[in-house]
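Heads up, the thing below is written out as structure tokens.
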Amino acid sequence: MAHGDITHVEIPVSDLAAATGFYSRLFGWQISEAPGFEGYPMWRAPNQISGGALTAREEGFTQPRSVVEVDSIDDALAKVSELGGKVTMPKGPIDETSWYAVFVDPDGNQIGLYQGTTQA
């Protein structure tokens, strides 16, 4: 994927098992937990292009969150602050080659950032 592409959508849910059944039956999504991502069941749309995850609903995360791929999370987070947004989850590792962060835009929308690379 390229800088600016939406990589996936996270859907906050109260009951992972119930939500897995609901979305599997509703849309035909194949939902499973990948090794190392237990408690974070991921789905892929039938077109094999879009996908996302079901994740625990928590305070401050009550609506779906799009995740956008960027070339540099550090650069994107600096721009967020410059443009009037607020970083709510600083850059953190997903694994040894990818990182994640979250910000809120000036209208209060949560957006996740994803950087996948071999460089930190």
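Some observations on this one:
- Here Asn47 fulfils each of the conditions (1) loosely packed, with under 12 Cβ neighbours inside 10 Å; (2) in a helix (DSSP H, G or I) apart from (2).
- Residue in the range 19-30 that is assigned to a loop (DSSP other than H, G, I, E, B), touching a Phe, Trp or Tyr at 6+ places or on another chain (Cβ under 8 Å) and free of Cβ contacts under 8 Å to residues at least 24 places away in the same chain present: yes
- Extreme residue, surrounded by the most Cβ atoms within 10 Å (Cβ to Cβ), among residues of the range 72-120 that are in contact with a Pro (Cβ under 7 Å, 6 or more places away or on another chain) and not in a strand (DSSP E or B): Gly85
- Some residue of the range 59-67 being β-branched (Val, Ile, Thr), surrounded by 13 or more Cβ atoms within 10 Å (Cβ to Cβ), at pLDDT 90 or above and in contact with a Ser or Thr (Cβ under 6 Å, 6 or more places away or on another chain): yes
- If you go through the range 1-11 and keep only what is out of contact with any Pro (no Cβ under 7 Å at 6 or more places or on another chain) and assigned to a strand (DSSP E or B), you end up with Ile6, Thr7, His8.
The values are calculated or read from the model by the stated rules, or taken from the named source; none is laboratory data. Keep in mind that this is a model prediction, so the values were computed, not measured. Neighbour counts are summed over all protein chains in view; Cβ atoms, including those assigned to glycine, are modelled from backbone coordinates with ideal geometry.
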